[in-house]
Amino acid sequence: MVGYYENKDGLLARLRRIEGQVRGIQRMVEEDAYCIDILTQITAITGASNKVAVSLLEDHLRHCVAESLAEGTDAGAKVNEAALAVQRLLRA
């Protein structure tokens with residue numbers, strides 16, 4: 001079972017909202033909306049995407065890392081995966 005299983009409905013709802021925001025930006029561009037208004041919406045999407053990413057990272061730590069610690073398997077690899085994911089998020 002994946003770590004975000006218990007939070008799946010919430011994640012899907014957030015992703016649908018982001019999808020709607022992206023469609024809204026497409027409409028704004030088609031309708032020649034003011035640049036700053038479009039940039040404001042892009043900032044909102046970026047923030048929403050980051051919240052999804054942090055939520056997934058938290059779920060990974062709570063489920064996958066905790067499970068590998070409890071089972072005595074290579075928890076270091078799971079922690080390393082999480083650290084690399086954080087690095088990618090910070091670069092984005």
* To do: Kindly indicate whether Arg14 is assigned to a helix (DSSP H, G or I), of a type in the set (Lys, Arg) and surrounded by 15 or more Cβ atoms within 10 Å (Cβ to Cβ).
  => yes
* Asked: Is there any pair linking a residue in the range 1-21 that is in contact (Cβ under 8 Å) with a residue 40 or more places away in the chain and within 12 Å of Glu58 (Cα to Cα) to one that is surrounded by 12 or more Cβ atoms within 10 Å (Cβ to Cβ) and of a type in the set (S, T, N, Q), with Cβ under 9 Å and at least six apart or on different chains, and which?
  -> Tyr4/Ser55; Asn7/Ser55
* Options Glu67, Glu31, Glu19, Glu81; residue that is out of contact with any helix residue (DSSP H, G or I) (no Cβ under 8 Å at 6 or more places or on another chain) and at pLDDT below 95 -> Glu67
* Given the conditions (1) part of a helix (DSSP H, G or I); (2) surrounded by 12 or more Cβ atoms within 10 Å (Cβ to Cβ), report the number of the one that Gly3 does not fulfil. => (1)
* So how many residues does the range 30-64 have that are polar (S, T, N, Q) and either under 17 Å from Arg88 (Cβ atoms) or not in a helix (DSSP H, G or I) (or both)? -> 4
* Looking at Arg27, is it of a type in the set (Lys, Arg), in a helix (DSSP H, G or I) and touching a residue at least 12 places away in the same chain (Cβ under 8 Å)? -> no
* Take the range 43-92 and flag every residue that is surrounded by 13 or more Cβ atoms within 10 Å (Cβ to Cβ) and closer than 19 Å to Ile25 by Cα. => Ala44, Ile45, Ala48, Ser49
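The values are calculated or read from the model by the stated rules, or taken from the named source; none is laboratory data. Note that the structure is predicted; figures quoted are calculated from it, not measured. Don't worry about glycine lacking a Cβ; one is built from the backbone with ideal geometry, like all the others, and counts go over all protein chains shown.
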